[in-house]
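To start, the structure under review is shown below, and the notes come after it.
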Amino acid sequence: MRFTYAEAMTDPSYYVPLAQAAEEAGYHGMCVADSVAYPEVSDSKYPYTPDGSREFLDGKEFVETFVLAATLAAATTTLRFTPFVLKLPIRPPVLVAKQAASLAAISGNRFSLGVGISPWPEDFEIMGVPFERRGKRMDECIEIVRGLSTGEYFEYHGEFYDIPSIKISPVPSEPLPILVGGHADPALRRAVRLCDGWMHAGGDADELDRMIARIDELRSERDDPNFEIHVISLDAYTVDGIKRLEDKGVTDVIVGFRLPYQIGPDTEPLQPKIDNLRRYADSVISKCS
């Protein structure tokens with residue numbers, strides 16, 4: 001089992017010391033959140049709060065995803081960074097390929113690209129991208145990022161993108177892992193069909209079991225022993241629970257130590273955050289190695 005530390009929407013000055021503390025404590029990776037802008041007016045519902053409320057995001061500080069990941073990679077030596085998740089189809093895929101490949105190359109293959117489809121039409125509107133057929137657009141974006149991140153000449157002719165034969169450099173010395181977040185069946189199918197893993201955003205344990213079973217069903221049609229399954233689960237907070245997750249095929253757990261869905265700024269000081277991640281490392285990570 002690998003362990004990923006999650007912290008977001010906090011004081012930006014905390015991120016470097018938190019990443020360094022997580023690395024020292026034995027975590028394998030750290031998540032990096034993504035948000036472009038917060039719309040003042042929206043009818044959209046946030047999919048991961050019980051009532052769909054989004055107000056907790058108002059005024060939260062989100063350092064741009066690639067900027068933060070690069071900053072943290074420069075301040076560490078072993079920690080792996082994964083957006084959880086980058087809103088891919090609202091962005092130009094060639095630019096994302098350049099950013100992701102450059103970051104993976106300069107960090108020594110310590111960057112994985114976690115991607116998803118924004119639940120908000122406003123994200124598409126402000127970026128000048130149609131909301132319609134966003135799933136198909138997402139598929140094309142993934143294919144373009146994967147093709148360009150190999151460093152070979154690559155061309156693409158799809159419904160949304162028409163790219164002549166080009167190459168980018170530098171690229172990482174190992175293939176760039178691409179993971180998909182999302183709980184709907186199209187997201188699960190996309191993860192298995194086009195990507196290297198799936199990222200779970202938390203919720204009911206029975207629902208997680210159902211989604212893992214569906215992924216196993218889909219994977220039976222594809223031979224990929226290195227497929228990654230990243231989950232948020234209460235089982236991740238005990239040694240016995242880690243064993244149960246391993247038995248289900250989970251490869252990575254994402255752990256955090258505060259509820260992020262709260263209105264207003266994060267008032268927890270830096271030192272308690274470090275104490276919490278160290279306490280978990282001592283009580284769980286050290287006993288699972």
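Indicate the gyration tensor shape class of the stretch 8-65 (rounded, prolate or oblate), computed on the Cα atoms with a ≥ b ≥ c the square roots of the eigenvalues: a/c under 1.5 is rounded; otherwise a/b larger than b/c is prolate and the rest oblate.
In terms of gyration-tensor shape, prolate.
If you take the beta carbon distance between LEU95 and ARG279 as r and set R0 to 51 Å, what does 1/(1 + (r/R0)^6) give as a FRET efficiency, to the nearest 0.05?
The pair LEU95/ARG279 has a calculated efficiency of 0.80.
How big is the Kirkwood radius of the chain, worked out from every pair of different alpha carbons and given in Å to one decimal?
19.6 Å
I need to check one value: relative contact order of the stretch 73-164, counting alpha carbon pairs closer than 8 Å and at least 6 residues apart, in percent.
Computed value for the stretch 73-164: 31 percent relative contact order.
If r is the Cβ-Cβ distance from ARG193 to THR251 and R0 is 25 Å, what FRET efficiency results, to the nearest 0.05?
Computed FRET efficiency for ARG193 and THR251 comes out at 0.85.
Please report the base-10 log of the normalised intensity I(q)/I(0) for the stretch 99-200, using a Debye sum with one equal scatterer per alpha carbon and no solvent, at each q in 0.09, 0.17, 0.18, 0.22 (1/Å).
Reported log10 I(q)/I(0), two decimals: -0.24, -0.86, -0.95, -1.25.
Please give the contour-minus-distance gain from LEU259 to ASP185: 0.36 nm per residue of separation, less the Cα-Cα distance, rounded to one decimal in nm.
Result: 24.0 nm gained on full extension.
Show log10 I(q)/I(0) for the stretch 185-283 at q = 0.10, 0.14, 0.21, 0.25 Å⁻¹, two decimals, from a solvent-free Debye sum over equal Cα scatterers.
Reported log10 I(q)/I(0), two decimals: -0.35, -0.63, -1.08, -1.32.
Report Rg(Cα)/(2.2 N^0.38 Å) for the stretch 153-192, keeping two decimals.
Compactness ratio reported: 1.58.
On a 22 Å Cα-Cα criterion, which of the cross-link pairs LYS60/LYS273; LYS60/LYS98; LYS248/LYS287; LYS45/LYS87; LYS136/LYS248; LYS60/LYS87 come out too long?
LYS60/LYS98; LYS136/LYS248
Quick check: at a probe of 1.4 Å, how many percent of the accessible area of the chain sits on carbon and sulfur atoms?
Carbon and sulfur atoms account for 53 percent of the accessible area of the chain.
How would ASP209, ASP58 line up by accessible area, probe 1.4 Å, largest first?
ASP58, ASP209
Return a whole-number percent for the relative contact order of the stretch 198-289, with Cα pairs under 8 Å and 6 or more residues apart as the contact set.
Relative contact order comes out at 27 percent.
What FRET efficiency do you get for ASP240 and ARG2 if R0 is 25 Å and r is their Cβ-Cβ distance, rounded to the nearest 0.05?
With a Förster radius of 25 Å, E is 0.90.
Just how far, in whole angstrom, is the stretch 211-250 from the stretch 58-102 if you go by their alpha carbon centroids?
25 Å
At 1.4 Å probe radius, can you tell me the per residue accessible area of the chain in Å²?
About 47 Å² of surface per residue is accessible.
Between TYR153 and GLU221, what length in nm is gained on full extension when 0.36 nm per residue of separation is reduced by their alpha carbon distance?
Net length gain for the segment: 21.6 nm.
How long are the three semi-axes of the equivalent ellipsoid of the stretch 114-269, in whole Å, if each is the root of 5 times an eigenvalue of the C-alpha gyration tensor, listed from largest down?
30, 21, 16
Whenever you get a sec, line up LYS273, LYS136 from highest to lowest accessible area (probe 1.4 Å, protein heavy atoms).
Of LYS273, LYS136, the descending order of accessible area is LYS136, LYS273.
Sequence gap at least 6, Cα distance under 8 Å: using those rules, report the relative contact order of the chain to the nearest whole percent.
22 percent
Could you tell me, in Å, what Rg and Dmax come out for the Cα atoms of the stretch 1-151?
For the stretch 1-151, the Cα radius of gyration and maximum Cα-Cα distance read 15.9, 45 Å.
The values are calculated or read from the model by the stated rules, or taken from the named source; none is laboratory data. What you see is a predicted model; the values in this text were computed from it and never measured. FYI the Cβ positions are ideal-geometry reconstructions off the backbone, even for glycines, and counts take in every protein chain you see. These accessible areas exclude ligands, DNA and RNA; they are computed on the full protein's heavy atoms, side chains included. Shrake-Rupley method; radii C 1.70, N 1.55, O 1.52, S 1.80 Å.
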